[in-house]
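See below for the structure under consideration.
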Amino acid sequence: MKVAVVGATGMVGEVMLQLLAERNFPVTELIPVASEKSVGKQIEFMGKSYAVVGLQTAVDLKPEIAIFSAGGQTSLDWAPKFAEVGTTVIDNSSAWRMDPTKKLVVPEINASTLTKEDKIIANPNCSTIQMVMVLAPLHQKYGIKRVVVSTYQSITGTGVKAVKQLENEYAGIQGEMAYPYPIHRNAIPQCDVFEENGYTKEEMKLVRETQKIMNDKTIAVTATAIRIPVVGGHSESVNIQFANDFDVTEVRTILHHTPGVVVQDNIDTKTYPMPIYAHGKDDVFVGRIRRDESQPNTLNMWIVADNLRKGAATNTIQIAEYLVANNLV
Ligand code: 2RA
């Protein structure tokens, strides 16, 4: 199968290539795609060397699948061009996520909605994916009324420039700034730009995408997204108000049996998820599961996942694997 990776030289693109190889995805020909300045650069993949090509060259090669992680404008401009030649696009940017004609997919939750006609498929935002992986089975069991989430997001979500800023700050070097403020020894209460309502785009993604993936606009969500100087993954403190009461032990059992979710929850042994240990793994880790004693039918928990893997590349490739396994490409 011819597979194009658009944004092959970026942080997510590199993880995608690593995962395509790790998961033995049936790639017969890789088409690494990047900006014009990278055209011709050699990419090593599964023992073979491939030259990076430009977008039009990649379209002309008519890959079966094109995995995008190259920013919203590139997706808006080029995903339709790939789709026109029969390619199925799985896009990591926010460009198509809220388009009513496009599917927003976390395979464990709603891959079954996919059909051969879906030629542009949106991969949700990283902080949304890890949260809905836990919310979905609990919503099915108890009915979710409202979610209050605070995120503690890795600088890798911003990209290479942010990682470099932190390294410079460690070294006491004044370099290019990915953020308006120092990130070393700091917490910045802004991920992405602010919208009219005073919330950031990142916070509103958690609201809008959650409702779309779970196909339920009655689920009320409010979010605060914070950037912190870690690299292993995003962490989230999540407070969930259910329509019905629950049993905490039963909640743990439900999550324990949820594919892609790992419960790490034992305060006696100080067992709980942390980004330093989630780094490089594909699962979503959940712990600190406890009743919110301030109001009925409400639960607190802590959710951690590697934002570059399940939050982006892994979820994208799991969608591609679903398409192949169900003869949808
Ligand atoms: C972030 N979720 O962490 C966004 C985009 N990757 O910045």
List the aspartates and glutamates whose Cα lies under 15 Å from the Cα of LYS201, skipping any in the same chain that are fewer than 8 positions away.
ASP192, GLU209
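I need the calculated FRET efficiency for the pair LYS161 and ASP77, taking r as the beta carbon distance and R₀ as 22 Å, to the nearest 0.05. Intermediate values should be presented prior to the final figure.
Values: r = 23 Å, r/R0 = 1.02.
After rounding, the FRET efficiency stands at 0.45.
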Inter-part gap, Cα centre of segment 154-201 to Cα centre of segment 1-34, in whole angstrom, is 27 Å
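Using only the Cα atoms, what convex hull volume per residue in Å³ does segment 127-307 have?
In segment 127-307, the Cα convex hull volume per residue is 128 Å³.
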For the pair ALA187 and TYR277, how long in nm is the line joining their label points, each one 7 Å along Cα→Cβ?
2.1 nm
Can you list the residues of segment 280-318 with backbone N under 14 Å from a point 7 Å past the Cα of LYS141, pointing along Cα to Cβ?
286-287, 289-291, 298-301
In a Gaussian network model of the chain with springs linking alpha carbons closer than 10 Å, the residue among SER35, SER49, SER93 that fluctuates most is SER49
Exposure proxy check: ILE303, ILE254 ranked by fewest other beta carbons within 10 Å?
ILE254, ILE303
Given +1 on the Cβ of Lys and Arg, -1 on the Cβ of Asp and Glu, and no further charges, what dipole in debye does the chain carry about its Cα centre, rounded to the nearest 20?
40 debye
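Under the 0.36 nm per residue contour assumption, what length would be gained going from the current alpha-carbon distance of SER150 and VAL324 to full extension? Numbers along the way, then the final one.
On the way: separation 174, 0.36 × 174 = 62.64 nm, distance 3.59 nm.
Here the segment from SER150 to VAL324 would lengthen by 59.1 nm.
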Can you tell which of ILE226, ILE267, ILE109 shows the greatest fluctuation in a Gaussian network model of the chain with Cα springs below 10 Å?
ILE267
One finds, for ILE173 and ASN244 with R0 = 56 angstrom and r their Cβ-Cβ distance, a FRET efficiency to the nearest 0.05 of 0.55
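Could you tell me the ratio Rg/Rh of segment 1-154? Both radii from Cα atoms, Rh via Kirkwood.
Ratio value, two decimals: 1.01.
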What list of ³J(HN,Hα) values in whole Hz, one per residue of segment 12-21 in order, does the Karplus curve 6.51 cos²θ - 1.76 cosθ + 1.60 (θ = phi - 60°) give from phi, with Gly and Pro shown as x?
6, x, 5, 5, 4, 4, 4, 6, 4, 6
Using only the alpha-carbon atoms, how far is helix 160-171 inclined from the longest principal axis of the chain? Give it as 0 to 90 degrees, nearest 10.
70 degrees
Could you work out which residue, out of ASN24, ASN300, ASN239, moves most in a Gaussian network model of the chain, that is, has the largest mean-square fluctuation with Cα springs under 10 Å?
ASN24
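Go ahead and run the numbers for FRET between ASP292 and GLN42, Cβ-Cβ distance against an R0 of 56 Å, rounding to 0.05.
0.55
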Ranking THR87, THR74 by Cβ neighbours within 10 Å, fewest first, what do you get?
THR74, THR87
Entries in LYS81/LYS119; LYS102/LYS217; LYS48/LYS164; LYS116/LYS217 that, when Cα-Cα distance is taken, lie over 22 Å
LYS48/LYS164; LYS116/LYS217
Pairwise label distance in nanometres, GLN211 with HIS256, each label 7 Å out on the Cα-Cβ vector
3.6 nm
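Read the figures in this text as sums done on the coordinates, not as results from a lab. Given the structure is predicted, the values throughout are model-derived calculations rather than measurements. A quick note on method: Cβ atoms are made from the backbone with ideal geometry, for glycine too, and the neighbour counts reach across all protein chains shown.
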